[in-house]
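Everything on this sheet refers to the single structure shown next.
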Amino acid sequence: MTDDVRDRFLAAIAAQLPVDRVKELHLFGAIRQGGIESGVAVVAVERDEHTEPVTVDADGGIVPSAPPARYTIYTARYRLTLKGLDRGKWEISVTEEADAPLLTVDAVVRGVSRRSGDADETVRLSGDELRAALPEAARP
């Protein structure tokens, strides 16, 4: 993925998600096949609601518990036509997939990277790094 395509992809993600709440983004290496380039990113976004789970102790008292914070997980995909009549055509989709703690997201991303053989091509950006990488017009 060229820097221009990467910047365009990150800006498109920022346009569809609350970029100020992005905790981290995992960007997988692009795939070129038959005149089409496609790429995938996994994005962890802080959730809106701040509900604090509780447990009940033996005396019936409520005890706040502190499980790992959970994040809404999105998959972002782009598709760029490089050749042919539709050259330059750009498509992006961002889909909510799950909610999970960051440890789970990291484990899944590492597993997918390892199985695909692209472990070195997966880039992790913190929310701050993502916001700094965005063009000025796309920043919150």
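Every read-out reported here was derived from the displayed coordinates using simple, explicitly stated rules and does not represent laboratory data. Quick caveat: nothing in here was measured; it's all calculated off a predicted structure. All Cβ positions, glycine included, derive from the backbone under ideal geometry; neighbour counts span all protein chains shown.
Taking 0.36 nm per residue of separation and subtracting the current Cα-Cα distance, fully stretching the chain between Arg79 and Asp48 would add 8.2 nm. In this label model, Thr104 and Asp59 are separated by 3.4 nm, measuring between points 7 Å along each Cα→Cβ vector. Between the beta carbons of Glu129 and Arg87, assuming R0 = 25 Å, the FRET efficiency works out to 0.20 to the nearest 0.05.
Remark on Lys23: its backbone amide H falls under 5 Å from those of Ala44, Val45, Glu46, a criterion applied only to residues 5 or more positions apart or on other chains, H modelled at 1.01 Å from N. Under 14 Å from a label point 7 Å along Cα→Cβ of Ile36: give me every residue in the stretch 88-117 with its amide N that close. The answer is 88-93, whose backbone nitrogens lie closer than 14 Å to the label point.
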